[in-house]
Amino acid sequence: MSGSMLAVLLNPERPSDCQFLAEQLALPLLQPEQAIADSGFEFFMCYRGSALKLLDRQSLKKGGLQVEIEPRPGEQHSWPAPRKNVLAQAIGKKTRTVTDATTGWAQDSLALFRMGYQLRCIERSPILHALITDGFKRLSAKDWVQRRALAMPELIYGDAITLLGDLPQVDCIYLDPMFPPKRKKSALTKKSMAVLRPILGDDLDRMQLFEVAMSAAGKRVVIKSPDYAEPLAKPDQSFHSKLLRYDVFLR
């Protein structure tokens with residue numbers, strides 16, 4: 001990521017939070033009018049409403065992306081949610097503990113949390129780590145979380161390749177690396193991915209991560225990939241959903 005691409009926008013209602021974020025990420029802190037005038041910045045971190053958001057120039061005046069803590073369409077709002085979807089099938093009926101080694105926007109992590117798995121999350125991008133931290137903080141304030149006194153998933157900042165071997169072993173390690181896009185870009189590419197790709201790039205070390213995960217997992221490794229991507233190795237099982245594939249490698 002080029003440091004000149006990204007800046008933090010000052011929110012006058014939360015100046016200390018903005019200052020801390022800028023210092024934490026070693027990014028410039030700009031007034032909103034500076035951001036509009038200075039075309040040298042393409043992406044921005046900003047507190048809007050109750051959430052920390054990632055913006056591009058199109059969403060500079062309104063909008064932005066955040067870690068969404070509500071269930072996705074079709075998912076149960078109850079806790080624990082039934083373990084019936086394709087993700088749960090890949091994770092396994094007897095799995096109790098999961099490490100999401102490539103947490104990203106945390107949508108799969110949060111789905112696993114709502115299904116009652118004991119969860120650890122690892123994220124090596126400081127930008128995404130800050131967004132996830134904010135999302136988990138908002139989630140912890142939800143009534144249904146507080147009523148049950150649920151602990152948030154453990155969140156670790158760092159590279160899973162170097163961390164996994166030293167962490168307590170879990171039943172399943174879950175990987176969702178960023179694969180190169182199709183040569184022909186789809187108009188349906190998610191905004192969340194379209195914004196992240198120029199900042200983070202592709203995960204070119206996904207094979208190394210897979211090998212480390214296979215050594216560290218207790219029972220299985222699950223890799224989520226687009227349906228067009230070649231498997232990293234021959235899986236023991238594969239589960240398919242629309243446009244996605246979950247490859248399962250048993251230990």
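The values are calculated or read from the model by the stated rules, or taken from the named source; none is laboratory data. Small disclaimer: the values here were computed from a predicted structure and weren't measured. Here the Cβ positions follow ideal geometry from the backbone for every residue, glycine too, while neighbour counts run over all protein chains shown.
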Taking the residues in the range 199-239 that are among the polar types (S, T, N, Q) and touching a strand residue (DSSP E or B) at 6+ places or on another chain (Cβ under 7 Å) as candidates, determine which candidate is surrounded by the most Cβ atoms within 10 Å (Cβ to Cβ).
-> SER225
Restricting attention to the range 88-114, report how many residues are in a strand (DSSP E or B) and surrounded by 20 or more Cβ atoms within 10 Å (Cβ to Cβ).
-> 3
Which of the residues that make up the range 125-165 are more than 18 Å from PRO80 (Cβ to Cβ) and in contact with a helix residue (DSSP H, G or I) (Cβ under 7 Å, 6 or more places away or on another chain)?
-> SER125, PRO126, ILE127, ALA130, LEU155, ILE156, TYR157, ALA160, ILE161, LEU164, GLY165
Complete set of residues in the range 116-166 that are among the acidic types (Asp, Glu), within 22 Å of ARG96 (Cα to Cα) and touching a strand residue (DSSP E or B) at 6+ places or on another chain (Cβ under 8 Å) | GLU123, GLU154
Test for GLN146: is it without any contact (Cβ under 8 Å) to a residue 40 or more places away in the chain and either surrounded by 16 or more Cβ atoms within 10 Å (Cβ to Cβ) or assigned to a loop (DSSP other than H, G, I, E, B) (or both) | no
Evaluate the range 45-58: report whether one residue or more is more than 19 Å from the chain's Cα centre (by Cα), surrounded by 14 or more Cβ atoms within 10 Å (Cβ to Cβ), modelled with pLDDT of 90 or more and not assigned by TED's automatic domain parsing to the domain that holds GLN237.
-> yes
Would you check which residues across the range 115-129 are of a type in the set (A, V, I, L, M) and surrounded by fewer than 21 Cβ atoms within 10 Å (Cβ to Cβ) and list them?
-> ILE127
Taking the range 28-56, which residues are in contact with a helix residue (DSSP H, G or I) (Cβ under 7 Å, 6 or more places away or on another chain) and among the aliphatic types (A, V, I, L, M)?
-> LEU29, MET45, ALA51, LEU52, LEU54
With the checklist (1) within 18 Å of SER109 (Cα to Cα); (2) at pLDDT below 95; (3) of a type outside the set (Asp, Glu) in hand, flag the one item PRO231 doesn't pass.
-> (1)
Out of (1) under 28 Å from MET214 (Cα atoms); (2) part of a helix (DSSP H, G or I), what's the single condition that is false for ASP134?
-> (1)
Any idea which residue in the range 204-228 is nearest to ASP108 (Cα to Cα), counting only those that are of a type in the set (Ser, Thr, Tyr) and not in a strand (DSSP E or B)?
-> TYR228
